[in-house]
Each structure stands twice: as structure tokens, then as C-alpha cells.
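Participant: Dumping the structure here so I can ask a few things about it.
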Amino acid sequence: MWHAETRSARRWGPDGRWRNQLMGFEMMIAHPDTAPPAVRPVRRHPRIRELVATFGDAPTVYLMARLIDFRAPCYDDALEWIRAQLPQANIQSPRELFRSNGEWLARWPTLLAEIHVGIVVSAGYIGPGVAKELRELAARDLPLLWLRAEPDRLKLVSRFRAEYRSNEAWYYGYLTEHSQIPRYHPELAL
């Protein structure tokens, strides 16, 4: 049987007596002959429920992000969130799929045919590769989402605009949330 045990310690109180003081944490203690507690099921996001209704429980989901974002914690959080929302999905992560831009360019046309849903993981900035992926996925009329990286959380955005901003090396375009754009079909000005 599992149970929570609150730890406390004895401390010298201001009145000169010993007092029990909560140390501020709980421990789960297990007995070897029992099963662990049941895991609470993840509540699916409404946009994810809509996609499941369209593509079933196992769509091919392709993540898009700048190379610099592959090392960011938000990318790992996005992978974890998508795996929790769509446990049977075939998640295609470019961080694991490609070793170079040349390999990405060579394999992208065949991968493009397999994708059902595209998700951009970014705080807003995108690179030229993500811009190309967005244009080509939008041309195939596939649903596109943006997992916007905000401090300490990810926000799923289904209505957004992608626009060209700069030819700088560290970013090419920018994503903005836009409530007047049809869901899953961003306006691309790239």
C-alpha cells in the first residue's frame, strides 16, 4: 500500500520548549507487496481532440523549430506534452531525424508526404528552414499549430500568422497570434 508520510523535526521554540516543525515535504512510501498508485489520465486539449477526430489516435506529427531551439528546454517540454496528449502518435522530431541541413533538404520531400499535423515549437522566432516547412505543409492543406514557449509553460495556438521579419542569421520570421485567422491554417507572409 502507498501512503504519504509527512516528515517533521523537533525545533527549539521561542518560548523555550521543543516543538515539532513541518519540514515542508512529503514522501511516498511503498510496501513491496503492493502496486503503485494509478496514474491520472491526461486531459486532452480541445484542439488535440479535434485532430484526433480527424486523423485518429495515431497521426504523424512533425515538430518544427530553429536549430538553436533544439537545445532549449521548451523543445523537450513540447515533446513530452505531445507524447502525453497523443501517446500513439508517430512523432517526427527533426532533432533526432537529421544531422545536417543537407540531410534535411534531401529527406524533406519524402517525409512531407507522411505528415498529418505540423507543430511549431518557438517563442515566436522562426528560421528559414521552418518558414519553408510551414509553406510546404500549408500548401498541402495540413493542420498547423504553434506551441508557444512562454516562461514556465507552453501555450497551444491554433490561429497564428507567420511573417518575414529579417534576414539575420539567428531568425528569419516571426509568429504572432491572430484571432481572425481560420483555425489550423495560418496566414503566411514569408
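Participant: Does segment 84-95 contain at least one residue that is among the hydrophobic types (A, V, I, L, M, F, W, C) and farther than 20 Å from E50 by Cβ?
Facilitator: The answer is no; no qualifying residue exists.
Participant: Given (1) in a strand (DSSP E or B); (2) out of contact with any helix residue (DSSP H, G or I) (no Cβ under 6 Å at 6 or more places or on another chain), where does Q88 come up short, assuming only one miss?
Facilitator: Every condition holds for Q88 apart from (1).
Participant: Kindly provide the set of residues from segment 123-152 that are in contact (Cβ under 8 Å) with a residue 60 or more places away in the chain and over 17 Å from R71 (Cβ atoms), ordered by number.
Facilitator: The answer is E133, L134, L137, P143, L145.
Participant: Also, quick follow-up: Restricting to segment 85-122, name every residue that is exposed (fewer than 14 other Cβ atoms within 10 Å of the Cβ) and touching a residue at least 40 places away in the same chain (Cβ under 8 Å).
Facilitator: The one that is exposed (fewer than 14 other Cβ atoms within 10 Å of the Cβ) and touching a residue at least 40 places away in the same chain (Cβ under 8 Å): E114.
The numbers here are math on the coordinates, done by the rules we state, and not lab data. For clarity, every value in this text was computed on a predicted model and none was experimentally measured. All Cβ positions, even for glycine, are placed from backbone atoms using ideal geometry, and neighbour counts span all protein chains on display.
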